[in-house]
Amino acid sequence: MRILNLACSAYRPPMPFINIDILKSQFPEKTLERSQIDAEKNYVEHDLTKGIPFEDNSCDGIFLSHFVEHLDAQQAVALIKECKRVLMDGGVMVVSVPDATYFKNVYPRDKNENWQELFGVTDVNNPIPTFMEAALFFEEHKQVLTEDSLWCILTMGGFTSITKSCKGNVADILLNALNRNVFSLNLWTVK
């Protein structure tokens, strides 16, 4: 079984996940972080804006968590097309993004003292006044996504079966990997 964890960042689970990101370029050689990354046999250094470095129909699942919002709409569609290309028939993908609708619904209470309850965040001394500014309008984000806009990206990427949940062995593994669920939108698709 092969599951791609695209733009893995610090979340790099063991096999069957293959963790892909550009972390080596972010950490100088001989640092602890770089040594850890270099030692991981299931880590692949690759810029995902240049495609996915796997063959067609070669992956059982894709975990794409909190990365689509870092791309503009055209880059996001290109990445989703790549995901479809590398997924096997019957392969499962979950895409998780900060959910603008959730932020809208809790905005009247989005104050630092409520962050634990609303977002699962315990940093009560954060100088940023709202979590919406910290997590939705994070300076590296290029999009604010809702279920409809993420559905559009997945559809333009070639997927037709897009749902809010999924069942099966690969789906269970992906479900267990999800984090930031309190304020995330998760959409599933099967090739």
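The values are calculated or read from the model by the stated rules, or taken from the named source; none is laboratory data. Here the structure is a predicted model, which means the values were calculated and not measured. When we count neighbours, we look across all protein chains shown, and the Cβ atoms used for this are built from the backbone with ideal geometry, even at glycine. Heads up: the accessible areas ignore ligands, DNA and RNA and are worked out on the full protein's heavy atoms, side chains in. Shrake-Rupley method; radii C 1.70, N 1.55, O 1.52, S 1.80 Å.
Odds and ends about this structure:
- Solvent exposure of the chain as accessible area per residue, Å², 1.4 Å probe: 52
- For the range 138-191, the share of accessible area belonging to carbon and sulfur comes to 53 percent (1.4 Å probe, ligands and nucleic acids excluded).
- Most mobile listed residue (Ala39, Ala134, Ala171) in the chain, GNM with C-alpha springs under 10 Å: Ala39
- Whole-angstrom Cα spans of the chain along principal axes, big to small: 47, 46, 30
- For the chain, size of Cβ-based charge dipole, Lys and Arg +1, Asp and Glu -1, in debye: 360
- Which of Gln74, Asn186, Gly168, positive extreme of dipole for the chain (C-beta unit charges): Gly168
- Per residue, the convex hull spanned by the Cα atoms of the range 1-105 measures out at 120 cubic angstrom.
- Extent along the principal axes, Cα only, for the range 95-191: 44, 27, 23 Å, with the longest axis given first.
- Stretch gain in nm, segment Ser35-Cys152, where the contour uses 0.36 nm per residue and the Cα spacing is subtracted: 38.2 nm
- Under the combined filter of DSSP loop state and at most 11 neighbouring Cβ atoms within 10 Å, the range 97-142 retains these GluC sites (Glu not before Pro): Glu139, Glu140.
- Label point 7 Å beyond Cα of Phe137 along Cβ direction - residues of the range 85-129 with amide nitrogen under 12 Å: 129
- Note on Asp47/Tyr11: beta-carbon distance plugged into 1/(1 + (r/R0)^6) with R0 of 22 Å gives a FRET efficiency of 0.75.
- For the pair Asn169 and Gln74, label points projected 7 Å from Cα toward Cβ lie 4.1 nm apart.
- Between Lys81 and Asn176, the contour length at 0.36 nm per residue exceeds the alpha carbon distance by 31.7 nm.
- Only protein heavy atoms count here; under a 1.4 Å probe, His141 has an accessible surface of about 40 Å².
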